[in-house]
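Everything below concerns the one structure shown next.
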Amino acid sequence: VKIFTEGTEVKSVTIKDQTEYDDLNEKIVKNNAGGSTGEMIMVVSTVNTLTEFTDIHKVQIMVEGKKVETLSGHMDVSVPLSRSEQIIKKSL
């Protein structure tokens, strides 16, 4: 199952103070069809997967080297995000 929009590429990954900073290209926003569910799946699955690593407690998603408020208007990604156990349990 593909969770990222067409053409999305990881430009860089940096880890500092147990936070992973993922810089993605602009395609994650430009090619995003929108929708709250799609955005939630994209963000939460990324954060929950990366925080499986013991050295990573939070994830900051960035676009073209800059923090953005949202990827398609539904979910705040302007700050580093922590793992969301509630969403994992709801989907099981």
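The values are calculated or read from the model by the stated rules, or taken from the named source; none is laboratory data. What you see is a predicted model; the values in this text were computed from it and never measured. With ideal geometry, Cβ positions are generated from the backbone for all residues, glycine too; neighbour counts draw on all protein chains shown. SASA here: full protein model, heavy atoms, side chains in, ligands and nucleic acids out. Shrake-Rupley method; radii C 1.70, N 1.55, O 1.52, S 1.80 Å.
A compact table of results
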item: Complete set of residues in segment 16-45 that are β-branched (V, I, T) and in contact with a Leu (Cβ under 9 Å, 6 or more places away or on another chain); result: I28, V29, V43, V44
item: Some residue of segment 65-85 being of a type in the set (D, E, K, R), surrounded by fewer than 17 Cβ atoms within 10 Å (Cβ to Cβ) and touching a residue at least 24 places away in the same chain (Cβ under 8 Å); result: no
item: Strands (runs of 3 or more DSSP E) lying entirely in the chain (those with 2 or more residues that are charged (D, E, K, R) and in contact with a strand residue (DSSP E or B) (Cβ under 9 Å, 6 or more places away or on another chain)); result: 19-24
item: Residues (under 12 Å from the mean Cα position of the chain (by Cα), modelled with pLDDT of 95 or more and acidic (D, E)) located in segment 1-53; result: E20, D22, D23
item: Segment 1-55: number of residues that are at positive phi and in contact (Cβ under 8 Å) with a residue 24 or more places away in the chain; result: 4
item: Evaluation of K11 against (1) closer than 20 Å to H74 by Cα; (2) open to solvent by 80 Å² or more (accessible area, probe 1.4 Å) (one fails), failing number; result: (1)
item: Hey, K58 open to solvent by 60 Å² or more (accessible area, probe 1.4 Å) and without any contact (Cβ under 8 Å) to a residue 24 or more places away in the chain or not; result: no
